[in-house]
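Below: one structure, written as structure tokens.
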Amino acid sequence: MVCTLSKLNTATTTDESGGAATISALHQDIILTHILTCLDGPSLASASSTCSQLNTLSSHEHLWSNICHSTWPSTTTPRVRHVISTFPLTSRSFFSDSFSTVTVHGNHHHHRVNLENTPEILSAVDLFHRRRIILSKVVETETGSGWFRCSPFRVDILDPKDSVETGMDYPINDDEACRNLEEELRLSWIVIDPRGKRAINVSSGKPVSVNRHWLTGEIHAIFATVLHGGERGSAREFAVCNLLVTLGGEMKVREACFQIEDMDGILLNGRDSLGILQRGLVGGRKRLRSEMEGREMYVEFVKKKMERKERKLRSERRLDMLCVVIAAFSVVAFSILFLS
Amino acid sequence: MAAEKSSIKIITLIAADGSVFEVEPNIVKEMKTVQSYIDELDQNTVSIPLPNVFGNDLAMIIEYCKKHASEEETKEAKEEFDFEFVKRMKSDDKLRLLQAASYLNMESFLQFMAKAIAAEIENQSVEFVRDYFQIESDFTPEEEAELRKENEWAFK
């Protein structure tokens, strides 16, 4: 093996209990059982790219499945475990699919959508408060029915009557509490395509906004990611995955839902949403430079949305003006004709 | 057996470079390699050669063991000691100490060093990790490019 961990191999020659072979085996063992198990996903990926020895060692399934399970407790459920085991590189593929954000730009929007390829999707959802898990659930959604395809797309994690205790204190000071929650709440919402063997994380991780409803006092935390929708210039050029988490009066999670909205602010139906998710699933992944970048992408989307609205208003106004001018002109023309 | 062990007053450890360390039996408890050696002997004084550990490293390991074997120290004080202990080490030291810990079969110290090493390569580039372990890449440029692409998701 050309690759040598030479520093680790110092002072091995005088060992009497075994030869060099056992020592090098021992080293691999130390690396595998002690160092690699302490690493997070991206660091493990870094280590695997250094040389073939570390590449082999860091490909061990248990390293990646442990990382998946500790990052997303929802992946420990039997259904998700089974689906992950069918992925090309099992847990490793699942992690690389779900850890980073989907790149918005790229040529994957040429991907042909075939809804029959995705008869169902799974949502594996984990909500954390100060790194403590407060909600972890998996929901299956059938996507084959006409009902699903024609009605607005919406995945709910909780039944309307259910709520989840968080153990959080009800905030006294409005603004400050919401700002704190922005720092403390983290959401992961992984959409899994069991047949396509791909997964995509549609959450921004950190909330893009936290607000208290003026009347009900409920706290709404919104998480979002922007996906590439359709043709350039159309309302679906970009679409936003809106994840809303509602905390009720006693700081219980009342609602956690996922919807997709286009640039006109219209909620997309199941068919269109599934198409957008399919493109996202096959698209590239990119790690964000910081947690702020997710929010920046959302802000940019909102800005584009506003510009679009203004443009629309302007052209409507221009059309109105034109109508008024034509009407006035015709009145004048008629009256001249009539009077003469 | 227990009575025999308690009769041993002082243990002499001889490092690879010949430096000698005299320690009490409770210090070497963590070093399973040394402990099993002592258990087999039936003497009042023992001297044990450790040809795989250098004097500087052995001194550091003994310092660590002394602190952690002490019952007077609080948990906080031990944690602070650990923090300072890692802080003054270079990366070479950590790797050598990990090696020594493995040879001496010191489970918790081994874990402690591995964590310290993992913390250093956490969130670092491929080049950094190569440099850290003095690894030479054995990938062809094509393989390298493919790995980059495969792991693109992980790099900022």
Only listed residue being within 11 Å of another protein chain (Cβ to nearest Cβ), under 30 Å from B:Glu144 (Cβ atoms), buried (at least 16 other Cβ atoms within 10 Å of the Cβ) and among the hydrophobic types (A, V, I, L, M, F, W, C), chosen from B:Leu50, B:Leu95
B:Leu95
With respect to the numbered conditions (1) within 30 Å of A:Ser145 (Cβ to Cβ); (2) assigned to a helix (DSSP H, G or I), which one is the sole condition not fulfilled by A:Asn242?
(2)
Show the residue pairs meeting these rules: Cβ distance below 8 Å; 6+ apart or different chains; first residue within the range B:46-63 and among the hydroxyl-bearing types (Ser, Thr, Tyr); second residue crowded, with 17+ Cβ neighbours inside 10 Å.
B:Ser47/B:Ile11; B:Ser47/B:Leu13; B:Ser47/B:Ile14
Those residues of the range A:270-288 which are outside any helix (DSSP H, G or I) and crowded, with 21+ Cβ neighbours inside 10 Å, in sequence order:
A:Gly283
Return the only residue of A:Arg314, A:Arg308, A:Arg318 being in contact (Cβ under 8 Å) with a residue 60 or more places away in the chain and part of a helix (DSSP H, G or I).
A:Arg308
List the helices (runs of 4 or more DSSP H) that sit entirely inside the range A:71-150 and contain at least 2 residues that are touching a Lys or Arg at 6+ places or on another chain (Cβ under 9 Å), within 30 Å of A:Leu39 (Cβ to Cβ) and of a type in the set (Ser, Thr, Tyr).
A:91-99
A:Ser315 - would you say it is surrounded by 10 or more Cβ atoms within 10 Å (Cβ to Cβ), farther than 29 Å from A:Ser204 by Cβ and among the polar types (S, T, N, Q)?
yes
Breaking point among (1) touching a helix residue (DSSP H, G or I) at 6+ places or on another chain (Cβ under 6 Å); (2) crowded, with 17+ Cβ neighbours inside 10 Å, for B:Met106:
(1)
Residue in the range A:203-225 that is under 20 Å from A:Glu293 (Cα atoms), of a type in the set (Ser, Thr, Tyr) and surrounded by fewer than 22 Cβ atoms within 10 Å (Cβ to Cβ) present:
yes
From the list A:Leu268, A:Leu227, A:Leu247, A:Leu274, which residue is touching a His at 6+ places or on another chain (Cβ under 9 Å) and at pLDDT 85 or above?
A:Leu247
Criterion first (within 27 Å of B:Val129 (Cα to Cα) and modelled with pLDDT under 85) does B:Asp39 satisfy it?
no
Would you be able to say whether some residue in the range A:79-96 is closer than 13 Å to A:Arg198 by Cα, charged (D, E, K, R) and not assigned by TED's automatic domain parsing to the domain that holds A:Arg287?
yes
Is there a residue being closer than 25 Å to A:Asn114 by Cβ, within 12 Å of the chain's Cα centre (by Cα) and in a strand (DSSP E or B) anywhere in the range A:201-210?
yes
If A:Ile260 meets every condition in (1) within 14 Å of chain B (Cβ to nearest Cβ); (2) in contact with a Cys (Cβ under 7 Å, 6 or more places away or on another chain) apart from one, which number is that one?
(1)
Is at least one residue of the range A:253-262 farther than 18 Å from A:Thr166 by Cα, in a loop (DSSP other than H, G, I, E, B) and assigned by TED's automatic domain parsing to the domain that holds A:Lys137?
yes
Is it the case that some residue within the range B:104-111 is small (Gly, Ala, Ser) and more than 26 Å from A:Ser52 (Cβ to Cβ)?
yes
Those residues of the range B:28-47 which are closer than 22 Å to B:Gln111 by Cβ, out of contact with any strand residue (DSSP E or B) (no Cβ under 8 Å at 6 or more places or on another chain), away from chain A (no Cβ under 14 Å) and assigned to a helix (DSSP H, G or I), in sequence order
B:Gln35
Criterion violated by B:Ser137 - all others in (1) hydroxyl-bearing (Ser, Thr, Tyr); (2) at the interface with another protein chain (Cβ under 7 Å from one of its Cβ atoms); (3) under 14 Å from B:Leu95 (Cβ atoms) satisfied:
(3)
Confirm whether B:Glu143 is closer than 30 Å to B:Pro25 by Cα and of a type in the set (Asp, Glu).
no
Here are some conditions: (1) under 18 Å from A:Lys303 (Cα atoms); (2) in contact with a helix residue (DSSP H, G or I) (Cβ under 8 Å, 6 or more places away or on another chain). A:Glu261 meets all but one. Which one does it not meet?
(2)
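The values are calculated or read from the model by the stated rules, or taken from the named source; none is laboratory data. Fair warning: this is a prediction, and the values are worked out from it, not measured in the lab. Every residue, glycine as well, gets a Cβ built from its backbone with ideal geometry; the counts of neighbours run over all protein chains shown.
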